[in-house]
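Chemist: Sharing a structure here in structure tokens format.
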Amino acid sequence: MSHGERADRFTADRARAAWHDAALWHVRERRDAAARSVPEWEALRDLAADIKARTLANLAGHLEAFERNATSRGAVVHWAADASAHNRIVLELLRARGATRVVKSKSMLTEECGLNPFLERHGLEIVDTDLGERIVQLRDEPPSHIVLPAIHLRKEEVGELFHAHLGTEAGLADPTLLTAAARVHLREKFLHAEAGITGVNFAIAETGGLVICTNEGNADLGTALPPLHIACMGIEKVVPSLADLAVFVRLLARSATGQPITAYTSHFHGPRPGGELHIVIVDNGRSDLLGRAEHARALACIRCGACLNTCPVYRRSGGHSYEAVIPGPIGSILAPVRDPERHRSLPYACTMCGSCTNVCPVKIDLHDQLLRLRTEIVTAGHLPGRRRASRLASLLLRSPALYAATGRVARRLGRLLPGLAKRIAAPWTSSRGLPDLPKKTFREQISSSEKDLSHR
Amino acid sequence: MSDRDIVLSRIRAATRPVSSRDTPSAASWLTFDDPAARFAEVLESVGGRAVAVAPAALTTGVEQLVRDVGADRVWFDVAQGGIEPPAVVAELQLYVARGGIAVAENAAVWVVPQTIRHREALLLAEHVALAVERRTIVHNMHEAYASIDAATAGFGFFISGPSKTADIEQALVIGAHGPRSLTVFVVT
Ligand code: SF4
């Protein structure tokens, strides 16, 4: 199924689609206000892009430094070449300590690796503690946004879900009361957890430290209470120093939600006294991306979600229509680079408006990459129809006579059989009309006005 | 080969040197005429409250807060011998702690919990109050990271306002998992 077909399912509920669009646009406006409050915003973006480029140019060196420094502070560093190695490492760590109740804070990496279903298959209880993540976990569906996991749901649906799972009153749909119910439910989970798993926003090579940003405080509770903390990070999360970190901390929350900083920005250097800190560094295809000159810059992504919020297609089609771990513009690069056959429709969902590139705090050339991906997908033969179509188009465009003749036939057909024209333009006319076709082509209009002029 | 060697060698094989580019020169960072005023303003906007007090008035300020939130289970950031289990900590109504530096641009307060118990109390208590010294307020995060020693702290966090979520229909709810209110006493 293509992105367009899946988007149809989302847009079938017009009220929901309109709400989704407006809610995310509002987040984009808050981001704009936050960016404007920092006069040096553009210089910060330049600096962030530069730090990322320089870090990626010596990624192995920075990771080795990080490992050395983290180890000297008492953390244990593990390496995983792929998702299954990552899952195995986490399972073994939990098993060795007899931990069966696990709390987890938001991490797109563990989502990518399928950690939850894997641990559940092995009989462990794993509870996502970010409210939005808990909601989608209870619904047994993936997050539809990387920062706002349950943005595709209305409060009534959350009410029904909590009624079924947490025993809230039937019909209760007040966000404050529902959040309070989730707080009570998750407090229990925190207090009885035997291990906490977290993602990582930034890893600092120079100090061996980890930084995690949350608004709810769930990563902090999940690591302050249980004795075992497992932090899972992709190889691209490392930044050289604390001075570099300052640049990203200033950009992240402002770009994500328009907040000046998240409520909690936690710095872990080594395990807490009496506890254990294990860090799992995961490749899972990232080194392939690094080797793709045209797309390596996508590794700079700090997962702020700004490109999703601003994207006219994401806002109107919803995150699930991408059927990828990460939706939106950045996901439309990451997924097809990894599996072009399966995700070939994603770069075509783009309107090339360039809004994503304009908001990205680390200045990834998002829409340029999407355009290049189209070429790559067609060249690799993943869209045979498109290849034939562009051959045909190039034939037509090379011969002015053929072009003119085709145009005449098409216009005549369009006037005689408007139904046919509509059917051909179907995806474009489902929510807008087709303009009437002019009687004369542009060239005919020009030549007749030239005649008029010469008569005068 | 271990996964470590595999990953590192794959990265090395994939790495290209950066084409020489000019490192953007450090811009002049955002500063404020009155950082303490900006701190209070931003804290308000993220759901917290700043209270300016003279050193001698701190105790009365805290006592007032205790009355305001109607707390009878209150802890202060001084060693209180004995470590209670988390279930007891979770019953706390108010926790008052000492903050490190504070940041004007985003109302963040650097907090390094002295003990584990204090770390969880900062998150489990119903209400949290932090005391910072006015003269330690810096303008922006660049200054902040230059003046704290995050690495030797072991664990430390910037706290900006109470815990919050907007995960249900983007409706802002204060007090997600952590405290429902955050008061910062700015001691002059
Ligand atoms: S690509 Fe840029 S804008 Fe999109 S999530 Fe990543 S950092 Fe944010």
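Chemist: Just one of the numbered conditions (1) of a type outside the set (A, V, I, L, M); (2) more than 11 Å from the chain's Cα centre (by Cα); (3) surrounded by 23 or more Cβ atoms within 10 Å (Cβ to Cβ); (4) over 23 Å from B:Asp68 (Cα atoms) is not true of B:Asn106; which one?
Modeler: Result: B:Asn106 passes all but (2).
Chemist: For region A:8-28, which positions are in contact (Cβ under 8 Å) with a residue 12 or more places away in the chain and within 13 Å of A:Ala256 (Cα to Cα)?
Modeler: So in region A:8-28, the residues in contact (Cβ under 8 Å) with a residue 12 or more places away in the chain come out as A:9-11, A:16-17, A:19-21, A:23-25, A:27-28.
Once the filter is applied, which keeps residues that are in contact (Cβ under 8 Å) with a residue 12 or more places away in the chain and within 13 Å of A:Ala256 (Cα to Cα), region A:8-28 yields A:Leu24, A:Trp25, A:Val27, A:Arg28.
Chemist: Turning to a different aspect of this structure: Which pairs turn up if I take residues in region B:60-72 that are in contact (Cβ under 8 Å) with a residue 60 or more places away in the chain and look for partners that are assigned to a loop (DSSP other than H, G, I, E, B) with beta carbon separation below 8 Å, at least 6 apart in sequence or on another chain?
Modeler: B:Val69/B:Gln93; B:Val69/B:Glu126
Chemist: Right, here's the next one. Does A:Thr110 satisfy being in contact with a strand residue (DSSP E or B) (Cβ under 6 Å, 6 or more places away or on another chain) and closer than 19 Å to A:Glu323 by Cβ? Please lay out each step first, then the result.
Modeler: Details: in contact with a strand residue (DSSP E or B) (Cβ under 6 Å, 6 or more places away or on another chain): yes; closer than 19 Å to A:Glu323 by Cβ: yes.
It is true that A:Thr110 is in contact with a strand residue (DSSP E or B) (Cβ under 6 Å, 6 or more places away or on another chain) and closer than 19 Å to A:Glu323 by Cβ.
Chemist: Residue under question is A:His78, and the condition is that it be touching a Pro at 6+ places or on another chain (Cβ under 7 Å), over 23 Å from A:Thr214 (Cα atoms) and in contact (Cβ under 8 Å) with a residue 40 or more places away in the chain; does it hold? Break it down into steps so the answer makes sense when it comes.
Modeler: On the way: touching a Pro at 6+ places or on another chain (Cβ under 7 Å): no; over 23 Å from A:Thr214 (Cα atoms): yes; in contact (Cβ under 8 Å) with a residue 40 or more places away in the chain: yes.
No, not satisfied.
Chemist: Given the conditions (1) modelled with pLDDT of 95 or more; (2) surrounded by fewer than 23 Cβ atoms within 10 Å (Cβ to Cβ); (3) within 16 Å of the ligand (Cβ to nearest atom), and given that A:Val247 satisfies all but one, which numbered condition is not satisfied?
Modeler: Checking A:Val247 against (1) modelled with pLDDT of 95 or more; (2) surrounded by fewer than 23 Cβ atoms within 10 Å (Cβ to Cβ); (3) within 16 Å of the ligand (Cβ to nearest atom), the one that fails is (2).
Chemist: Among (1) within 18 Å of A:Gly209 (Cα to Cα); (2) β-branched (Val, Ile, Thr); (3) in contact with a strand residue (DSSP E or B) (Cβ under 8 Å, 6 or more places away or on another chain), where does A:Ile261 come up short?
Modeler: (1)
Chemist: Here is a further query. Between A:Ala224, A:Ala231, A:Ala203, A:Ala219, which is under 22 Å from A:Asn284 (Cβ atoms) and modelled with pLDDT under 95? Walk me through how you get there before you give the answer.
Modeler: Working: A:Ala224 fails: under 22 Å from A:Asn284 (Cβ atoms); A:Ala231 fails: modelled with pLDDT under 95; A:Ala203 fails: modelled with pLDDT under 95.
Answer to the check: A:Ala219.
Chemist: Further, regarding this structure: Just wondering, is there one or more residues in region B:121-136 that are in a strand (DSSP E or B), within 13 Å of the chain's Cα centre (by Cα) and at the interface with another protein chain (Cβ under 7 Å from one of its Cβ atoms)?
Modeler: Step one: list which residues in region B:121-136 are in a strand (DSSP E or B), which gives B:127-133.
Filter once more, keeping what is within 13 Å of the chain's Cα centre (by Cα): B:128-132.
Narrowing the set further to residues that are at the interface with another protein chain (Cβ under 7 Å from one of its Cβ atoms) leaves none.
Among the residues of region B:121-136, not one is in a strand (DSSP E or B), within 13 Å of the chain's Cα centre (by Cα) and at the interface with another protein chain (Cβ under 7 Å from one of its Cβ atoms), which makes the answer no.
Chemist: Still on this model: Considering every residue within region A:84-96, establish whether at least one is under 26 Å from the mean Cα position of the chain (by Cα) and outside any helix (DSSP H, G or I). Spell out the reasoning first.
Modeler: Step one: list which residues in region A:84-96 are under 26 Å from the mean Cα position of the chain (by Cα), which gives A:84-90.
Now drop any that are not outside any helix (DSSP H, G or I), which leaves none.
Checking region A:84-96: not a single residue is under 26 Å from the mean Cα position of the chain (by Cα) and outside any helix (DSSP H, G or I).
Chemist: If you don't mind, another one. With the condition kept exactly as written, say whether any residue in region B:153-167 is modelled with pLDDT under 90 and under 13 Å from the mean Cα position of the chain (by Cα).
Modeler: no
Chemist: Select, from A:Gly222, A:Gly270, A:Gly274, the only residue that is buried (at least 24 other Cβ atoms within 10 Å of the Cβ), more than 16 Å from the ligand (Cβ to nearest atom) and in the same structural domain as A:Leu153 (by TED's automatic domain parsing). Steps first, please.
Modeler: Numbers: A:Gly270 fails: buried (at least 24 other Cβ atoms within 10 Å of the Cβ); A:Gly274 fails: buried (at least 24 other Cβ atoms within 10 Å of the Cβ).
Checking each option against the conditions leaves just A:Gly222.
Chemist: Regarding region A:91-108, can at least one residue be identified that is touching a residue at least 60 places away in the same chain (Cβ under 8 Å), surrounded by 15 or more Cβ atoms within 10 Å (Cβ to Cβ) and at the interface with another protein chain (Cβ under 9 Å from one of its Cβ atoms)? Steps first, please.
Modeler: Of region A:91-108, the ones touching a residue at least 60 places away in the same chain (Cβ under 8 Å) are A:93-94, A:97-108.
Filter once more, keeping what is surrounded by 15 or more Cβ atoms within 10 Å (Cβ to Cβ): A:93-94, A:99-108.
Those left that are additionally at the interface with another protein chain (Cβ under 9 Å from one of its Cβ atoms): none.
Among the residues of region A:91-108, not one is touching a residue at least 60 places away in the same chain (Cβ under 8 Å), surrounded by 15 or more Cβ atoms within 10 Å (Cβ to Cβ) and at the interface with another protein chain (Cβ under 9 Å from one of its Cβ atoms), which makes the answer no.
Chemist: While we're here: Report yes if A:Gly123 is facing another protein chain (nearest Cβ under 10 Å), surrounded by fewer than 24 Cβ atoms within 10 Å (Cβ to Cβ) and part of a loop (DSSP other than H, G, I, E, B), otherwise no. Before the answer, list the steps.
Modeler: Values: facing another protein chain (nearest Cβ under 10 Å): no; surrounded by fewer than 24 Cβ atoms within 10 Å (Cβ to Cβ): yes; part of a loop (DSSP other than H, G, I, E, B): yes.
Considered against the rule, which asks whether it is facing another protein chain (nearest Cβ under 10 Å), surrounded by fewer than 24 Cβ atoms within 10 Å (Cβ to Cβ) and part of a loop (DSSP other than H, G, I, E, B), A:Gly123 comes out as no.
Chemist: Condition first: within 19 Å of the chain's Cα centre (by Cα) and either in a loop (DSSP other than H, G, I, E, B) or polar (S, T, N, Q) (or both). Now tell me which residues in region B:42-77 satisfy that.
Modeler: Those that are within 19 Å of the chain's Cα centre (by Cα) and either in a loop (DSSP other than H, G, I, E, B) or polar (S, T, N, Q) (or both): B:Ser45, B:Val46, B:Gly47, B:Gly48, B:Asp77.
Chemist: Are there any pairs with C-beta distances below 9 angstrom linking a residue in region A:303-314 that is under 10 Å from A:Pro327 (Cβ atoms) to a residue that is of a type in the set (Lys, Arg) and more than 9 Å from the ligand (Cβ to nearest atom), with the two at least 6 apart or on different chains, and if so which?
Modeler: A:Leu308/A:Arg315
Chemist: Let me ask something else about it. Please go through region A:319-368 and pick out each residue that is buried (at least 20 other Cβ atoms within 10 Å of the Cβ), away from the ligand (no atom under 15 Å from the Cβ) and of a type in the set (Phe, Trp, Tyr).
Modeler: None; the set is empty.
Chemist: Test of understanding: among A:Asn215, A:Asn201, which residue is more than 16 Å from the ligand (Cβ to nearest atom) and buried (at least 24 other Cβ atoms within 10 Å of the Cβ)?
Modeler: Values: A:Asn201 fails: more than 16 Å from the ligand (Cβ to nearest atom).
Answer to the selection: A:Asn215.
Chemist: Here is a follow-up. So, in region A:277-314, of the ones that are within 10 Å of the ligand (Cβ to nearest atom) and among the small types (Gly, Ala, Ser), which residue ends up nearest to A:Gly234 (Cα to Cα)?
Modeler: A:Ala300
The values are calculated or read from the model by the stated rules, or taken from the named source; none is laboratory data. Treat the numbers as computed from the prediction; the structure is a model and nothing was measured. As a convention, Cβ positions derive from the backbone with ideal geometry for all residues, glycine included, and neighbour counts pool all protein chains shown.
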